[in-house]
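First the structure, in the form of structure tokens, and then the observations on it.
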């Protein structure tokens with residue numbers, strides 16, 4: 001009888017130990033990203049020789065109120081488009097000089113970029129290059145645009161203000177690249 005009691009007590013103790021809830025660390029989660037519909041507003045400022053459409057949820061800020069250089073901040077994604085406009089004739093630069101300088105700056109990202117892809121873009125109103133950078137780089141896309149007469153240039157750099165990895169941000173990066181290409185389709189440079 002003693003053996004039966006000992007076996008019963010051992011099964012009872014093993015049963016109690018087996019019911020213990022073992023804590024296992026949870027895997028890291030990914031942030032939920034809600035992408036809005038593509039809706040656009042028209043950008044037009046007196047004194048600036050261009051207009052274009054940008055995502056309506058962007059907030060425009062200027063480096064200098066008298067300048068055509070600006071940032072469009074997207075608070076929902078904590079990212080920014082930095083836009084630089086140049087009158088090439090006034091600055092005494094050619095389109096090729098300006099492009100090569102911009103391209104040189106872009107290729108400084110090769111330290112972190114796994115790939116930099118250049119895609120020519122052209123409409124009846126503009127021509128240029130769309131740069132896509134892959135890997136854990138601070139800027140995933142940039143644009144260099146000129147008017148058909150090559151009097152003006154516009155450079156657009158797309159930045160995040162976050163330390164998240166780009167693979168987690170991929171849906172936002174793809175979404176914003178579509179909007180950058182929409183800018184290409186809608187930009188109009190004014191003639192003097």
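Tabulated data for the structure shown
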read-out	value
So residue 146, is it within 17 Å of residue 82 (Cα to Cα) and either under 17 Å from the mean Cα position of the chain (by Cα) or surrounded by 14 or more Cβ atoms within 10 Å (Cβ to Cβ) (or both)	yes
Strands (runs of 3 or more DSSP E) completely within segment 36-123 that count 1 or more residues being in contact with a strand residue (DSSP E or B) (Cβ under 6 Å, 6 or more places away or on another chain) and crowded, with 17+ Cβ neighbours inside 10 Å	40-44, 50-55, 70-74, 79-87, 113-122
Selection count, segment 160-181, where residues are over 14 Å from residue 35 (Cβ atoms), assigned to a helix (DSSP H, G or I) and in contact with a strand residue (DSSP E or B) (Cβ under 6 Å, 6 or more places away or on another chain)	1
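Read-outs throughout are calculated quantities, based only on the coordinates presented, and are distinct from any laboratory measurement. This structure is a prediction, so every number in the text was calculated from the model and none was measured. Counting neighbours? That spans all protein chains shown, and the Cβs are built from the backbone with ideal geometry, glycine included.
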